[in-house]
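Heads up: the structure comes next, in structure tokens.
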Amino acid sequence: MTSIPNVPKFDGRALINGQRVAAKDGQVFDCVSPVDGRVLTQVASCGVADVDAAVASGRAAFEDKRWSGMSPAQRKRVMIRFADLLLQHGDELAMTETLDMGKPVKYARSVDVNSASNCIRWYGEAVDKVYDEIAPTPSTALALITREPVGVVGVIVPWNYPMIMAAWKIAPALAAGNSVVLKPSEKSPLTALRMADLALEAGIPAGVFNVVTGTGPHAGSPLALHMDVDCIAFTGSTRVGKQIHVMAGQSNLKRAWTELGGKSPNIVFADCPDIDRAVAAAVGSIFFNQGESCNAPSRLFVEESIKEQFLEKALKLVPGYRPANPTLPGTVMGAVVDKIQLNTVLRYIESAKAEGAQLIAGGEQALKETGGYYVEPTIFDGVTSEMTIAREEIFGPVLSVMSFTDTAEVVRQANDSVYGLQAGVWTRDLNKAHGVARALRAGTVHVNQYDEDDITVPFGGFKQSGVGRDKSLHAFDKYTETKTTWIRIDSPV
Ligand code: NAD
């Protein structure tokens, strides 16, 4: 593997009230690159005092209306400038993301930077086009139903799509006039800090958008427990998501929105309209982002009569996903985020072997000599719904293949999960497509494609995949209070 490019100097300080600052107690942690295990920089390890300062600055900004008091059209202009600046700094942001969390730079640029920028632009453009309501009251009253920003929004995000996950929350929250305190994952904190620098440059006033870096227990919990945070928007694991709801209840009953894990089923019927497309999507979607996608179709159900043909085609595609240096423009599979995640994925692979699944591709750590954390794209056939790899979220490039003969039975198995984030159905039979889509307990059902969507549609899950939806105009509901103003009209004419 060729060496990685000249690594720029990163500023790992938090951003509070418009200033880059060290943690108040001076604590830092190493920011390690999964590309080759090097320390990229040291990052402020924020704690209670730093979170307090960030929340106080967000509160002061909200109270004096430096942002919430701007007209929607003014906020729109600033948000669009912010989105433009992300694109102007796209190459820098993409390489930072790649070095920080291991994804191929080609996708960091074409997917992460572009989607984050587009999201910020979309909510900026939307905010001066959404209207409030007037209720159908008798003529003796006028009842206004208006939406107001909730105040200070805490945002906690994971490491798999750091910029996109942050944008999905900060964009509607900021556009609606709130102040935000963002806590990025300690495994990928660098692009969040740069986003906040660029937000300031775009004209979002100091104090409105703060970033506290640090671990979950030290920086995340104080935010979720804070008595002056009005809403906590979280994306991450189901395990921590449950704690977020508890912390909201233990403190000020802040609204809590959680976007959590998944174990999405992808059902391919024998009458699938294009088997090559179905194979490419099944393989491409589980290996994209090293399998570190909440909506990855990690459980593949193929109708028995086409399974052999399907797997033959799938195996031909696997070498194309061989891991390589993610800083190179041609790489499609990079490094998993850290050593802990590497070991988790390898443990699941061993559990699958021990439980009797048949390894037909990959299964090993790759590129050990680099000092980075790489896993071969891996496929198991002969998986059953009881096996650990069919039940638990692996968050790595591991596909579990199962076969079926009966539609009702495959729907039952697909729904047999604590998760309900997404699902796929491939068939040319319109009745079957609609019937199965309706029967699947998932926030999004993909029909004859997987992974195609955009900012206009909601994203989120049923069951333990979380509460609430990111994206689309529905996201404004998360960050606004609904107020009724009932005006009596004494003498209607
Ligand atoms: P995680 O739950 O370990 O961490 C997520 C965030 O929570 C991090 O910022 C972390 O520091 C913070 N955190 C951890 N402990 C905390 C605590 N006690 N209090 C407050 N904050 C705490 O998840 P992860 O490993 O970073 O991300 C992977 C998970 O995210 C997967 O389960 C994946 O499915 C999920 N995810 C879901 C979606 C979605 O939209 N549904 C999108 C992306 C990722």
Report the semi-axes of the equivalent ellipsoid for region 1-69 in whole Å, largest first, where each axis is √(5λ) for an eigenvalue λ of the Cα gyration tensor.
-> 33, 15, 8
Using +1 on the beta carbon of Lys and Arg, -1 on that of Asp and Glu, and nothing else charged, what's the dipole of region 14-55 about the Cα centre, debye to 20?
-> 120 debye
P(r) tail for region 380-460, what percent of Cα pairs lie past 22 Å?
-> 27 percent
Calculated from DSSP H runs of 4 or more alone, at -39500 (n - 2.57) each and per residue, what is the 222 nm mean residue ellipticity of the chain, nearest 500?
-> -11000 deg cm²/dmol
Using a simple charge model, +1 on the beta-carbon of Lys and Arg, -1 on the beta-carbon of Asp and Glu, nothing else, what dipole does region 188-314 show about its Cα centre, in debye to the nearest 20?
-> 500 debye
Dipole axis of region 213-346 (+1 Lys, Arg; -1 Asp, Glu on Cβ), positive-most option in Leu342, Gly216, Pro265 = Gly216
Quick one: if you take sqrt(5λ) for each eigenvalue of the C-alpha gyration tensor of the chain, what semi-axes come out, biggest first, whole angstrom?
-> 39, 30, 19
Sorted by average packing, counted as other Cβ atoms within 10 angstrom per residue and highest first, what order do 12-23, 203-214, 270-281, 395-406 take?
-> 203-214, 395-406, 12-23, 270-281
In what sequence, highest mean first, do 165-174, 250-259 appear when ranked by Cβ atoms within 10 angstrom?
-> 165-174, 250-259
Semi-axes of the equivalent ellipsoid of region 236-284: what are they in whole Å, largest first, if each equals the square root of 5 times a C-alpha gyration tensor eigenvalue?
-> 40, 9, 8
Any idea what diffusion coefficient region 159-218 gets from Stokes-Einstein, in µm²/s, Kirkwood Rh on alpha carbon pairs, 25 °C, 0.890 mPa s?
-> 210 µm²/s
Which of Ser57, Phe82, Val113 sits closest to the plus end of the dipole of region 50-118, meaning its Cα is farthest towards the positive end, when Lys and Arg get +1 and Asp and Glu get -1 on the C-beta?
-> Phe82
For region 44-88: rounded, prolate or oblate by the Cα gyration tensor [a/c cutoff 1.5] = oblate
Straight-line reach from Lys307: which lysines have Cα under 26 Å away, leaving out those fewer than 8 places along the same chain?
-> Lys263, Lys316, Lys353, Lys432
In what sequence, highest mean first, do 467-473, 149-155, 195-201 appear when ranked by Cβ atoms within 10 angstrom?
-> 149-155, 195-201, 467-473
What's the FRET efficiency of Gln88 with Asp454 using the Cβ-Cβ distance as r and R₀ = 22 Å, to the nearest 0.05?
-> 0.50
Quick one: what do you get for region 313-407 if you divide its Cα Rg by 2.2 N^0.38 Å?
-> 1.13
Near the amide H of Ile156, under 5 Å away, which other amide H atoms are found, from residues 5 or more places off or on another chain, if H is placed in the peptide plane?
-> Lys183, Ala233, Phe234, Thr235
Stokes-Einstein diffusion coefficient of region 128-267, Kirkwood radius over Cα pairs, 10 °C, 1.306 mPa s, in µm²/s | 97 µm²/s
Based on Cβ point charges of +1 for Lys and Arg and -1 for Asp and Glu, what charge dipole magnitude is obtained for the chain about its Cα centre, in debye rounded to the nearest 20?
-> 800 debye
Projecting the Cα atoms of Leu328, Val229, Ala423 onto the charge dipole of the chain, where Lys and Arg contribute +1 and Asp and Glu -1 at Cβ, the residue farthest towards the positive end is Val229
Local electrostatic count, Met247, Cβ distance below 15 Å [Lys/Arg +1, Asp/Glu -1] = +3
A student applying the Cα gyration tensor rule (rounded when a/c is under 1.5; otherwise prolate if a/b is larger than b/c, oblate if not) would label region 26-122 oblate
For region 80-150, alpha-carbon Rg and Dmax in angstrom | 20.0, 64
Please report, in Å, the Rg and the Dmax of region 94-193, where both are computed over Cα atoms only.
-> 18.1, 64
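The numbers here are math on the coordinates, done by the rules we state, and not lab data. A quick note: this is a predicted structure, and the numbers were derived from the prediction, not measured. Neighbour counts run over all protein chains shown; Cβ positions are idealised from the backbone, glycine included.
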